[in-house]
Every structure is written in C-alpha cells, then in structure tokens.
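Participant: Quick one: the structure is below, and I'll ask about it shortly.
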Amino acid sequence: MGRETLYQLSAAVYRNIGESDIASMFPEGEALLAASRKQAEFLIGILGGPPIYMEKYGHPRMRARHLPFEIDESARQTWLRCFREALGDGSEWRLSPEEAAALLNWLEAFSAWMVNQAPS
Ligand code: HEM
C-alpha cells in the first residue's frame, strides 16, 4: 500500500471518527487531520514501510499513549467501525479483499490493547 494512499485512508477513518460517538476524545478541524497523519505514519511502519512515526515521535508505546483517554470496549467498537467503513472492501485503496481483511483482523487484535476502562 503506497504512502499517499495510507494518508488518505487514515484521513477518511478520522473523518468518520469526527462524526462518531468518540469524537469528543479527538481534536477538531485541522488538528484532527494532523492526528490522522500520525496514525497513517504509524501504519506505514507496521505495513513494512519506512519508520516515519518512530523517527518523528519515538517508540510507539501505543497502549501508554492511549492511557490519557478513557477507552472502553464500546469506544473500541466505534473506532473499529470507523476504520471498517473507511476501508470498505479495500478496492478504493487498491487493496484486495484479502489484504483489507488481513488489515482489519490485525486492527481488531491490536485495538484490544488500547482498552483501559471497564464497561460503564
Ligand atoms: C481502541 C480504540 C481506539 C481509540 C478510542 C483511540 C483513540 C485515540 C485518541 C483519542 C488519540 C489522541 C488523538 C490523536 O490522535 O492525537 C489517539 C492517538 C493515536 N492512536 Fe488511537 N485509538 C484507538 C485505537 C488505535 C489503534 C488500533 C491504533 C493503531 C493503528 C491507534 C493509533 C493511534 C496513533 C498512532 C495515535 C497517535 C499517538 C501519538 O503519537 O500521540 N489507535 N487514539
């Protein structure tokens, strides 16, 4: 997956987030777009591209970086839905259905580590 495509996919994910019930955790407007670029840079590294995120921000420590936010299972499901809806069947991002499914599977497992609150 090309770098530009990942920036665009993350921007689409964050647009969905901005309209979801977890929007209040996130910044708005230009800052939301900037946040989406951080996510893209992290994913670029995960997917075998250059380690842009690490070079800019240091070790990912993703669970620790999410601790300031109250993330319960319901927030996780919303987050995953925002990603799933942006990804679609993958074709818009030039991913095969298998590649899109593999990315979602990885995100489903990885996102569990970001949950830091019991259900309310
Ligand atoms: C489980 C549901 C999740 C919620 C509710 C959530 C929420 C948040 C929030 C509120 C922020 C701070 C806003 C910002 O981006 O500046 C953030 C940052 C971030 N999230 Fe998540 N997140 C979740 C899962 C994930 C997953 C699965 C990934 C992996 C792709 C991820 C990657 C990132 C990255 C890279 C940042 C920027 C961290 C930094 O450098 O400050 N998040 N997330």
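Just so it is clear, none of the values below were taken in a lab; they were calculated from the coordinates. In this text, all values refer to a predicted model and were calculated from it rather than measured experimentally. Cβ sites come from the backbone with ideal geometry, for glycine too, and all protein chains shown count toward neighbours.
Participant: Restricting things to alpha carbons, find the Rg to Rh ratio for the chain using the Kirkwood radius for Rh.
Facilitator: 0.94
Participant: Tell me the mean residue ellipticity at 222 nm calculated for the chain from its helices only (DSSP H runs of n ≥ 4, each -39500 (n - 2.57), averaged over every residue, nearest 500).
Facilitator: -19500 deg cm²/dmol
Participant: Right, another one. List HIS59, HIS66 from most exposed to least, where exposure is judged by having the fewest other Cβ atoms within 10 Å.
Facilitator: Arranged by neighbour count, lowest to highest, HIS59, HIS66 become HIS59, HIS66.
Participant: Determine, for TYR57, TYR14, the number of other Cβ atoms within 10 Å of each Cβ, and report the residues in order from fewest to most.
Facilitator: Exposure proxy ranking, most exposed first: TYR57, TYR14.
Participant: Could you check the simple spin-label distance between ARG81 and TYR57, using points 7 Å along Cα→Cβ, in nm with one decimal?
Facilitator: Placing both labels 7 Å beyond Cα along the Cβ direction yields 2.5 nm.
Participant: Could you tell me which helices of the chain pass both thresholds, a Cα extent of 15 Å or more along their own axis and a mean Kyte-Doolittle hydropathy of at least -0.5, with helices taken as whole DSSP H runs?
Facilitator: 3-18, 29-46, 97-111
Participant: Please find, in a Gaussian network model of the chain (springs between Cα atoms separated by less than 10 Å), the residue of GLU55, GLU85, GLU28 whose mean-square fluctuation is greatest.
Facilitator: GLU55
Participant: Using R₀ = 35 Å, calculate the FRET efficiency as 1/(1 + (r/R₀)^6) where r is the Cβ-Cβ separation of GLN8 and ALA118; round to 0.05.
Facilitator: According to the calculation, E is roughly 0.50.
Participant: Going by how many other Cβ atoms sit within 10 Å of their own, how do SER20, SER96, SER36, SER120 line up, fewest first?
Facilitator: SER120, SER96, SER20, SER36
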